[in-house]
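The values are calculated or read from the model by the stated rules, or taken from the named source; none is laboratory data. Every value quoted in this text rests on a predicted model; they were computed, and no experiment measured them. With ideal geometry, Cβ positions are generated from the backbone for all residues, glycine too; neighbour counts draw on all protein chains shown. Heads up: the accessible areas ignore ligands, DNA and RNA and are worked out on the full protein's heavy atoms, side chains in. Shrake-Rupley method; radii C 1.70, N 1.55, O 1.52, S 1.80 Å.
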Amino acid sequence: MESQMIRPGHLTAHQTARLLGVSLAGVRKLVQRGQLARSGGTARQPWYTAADVAALAADRRARAAA
C-alpha cells in the first residue's frame, strides 16, 4: 500500500522497485548488498532518496548497455 505521506525527494519501496524494474525482494537484496540505503520511513515501509534510486537506475542501464 502506498497510502502513507512521504517526504519530498523520497520514494517508497514500491516506487523504487517499479523504477528499477525489480521486485520488492529485489529492492531488499539491493539494500542487503549495500547498493541502496534506506532513508526513512519504517521497517515495514522504508523510503529511499530519489537521487540514490536515479543514480542506481542509471548505473544499471549503463551496465546493461556495455
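The packing ranking, built from the mean of other Cβ atoms within 10 Å per residue, places the peptides 8-15, 30-37, 57-64, 46-53 in the order 46-53, 8-15, 30-37, 57-64, highest first.
Annotation: per residue accessible area for the chain equals 69 Å², rounded to a whole number [probe 1.4 Å, protein chains only]. Full extension of the segment from K29 to A55, taken as 0.36 nm per residue of separation minus the current Cα-Cα distance, would add 7.7 nm. Protein-only accessible surface at a 1.4 angstrom probe places the residues S23, S39 in the order S23, S39, largest first.
For the chain, the fraction of 1.4 Å probe accessible surface lying on carbon and sulfur atoms is 55 percent. Please report the net charge: other residues with Cβ closer than 12 Å to the Cβ of R38, K and R +1, D and E -1. My count for the surroundings of R38 gives +1. In the elastic network of the chain, a GNM with C-alpha springs shorter than 10 Å, the most mobile of A43, A54, A17 is A43.
Taking the Cα centre of the chain as origin, work out the dipole magnitude from +1 charges on Lys and Arg Cβ and -1 charges on Asp and Glu Cβ, in debye rounded to 20. Roughly 180 debye, rounded to the nearest 20.
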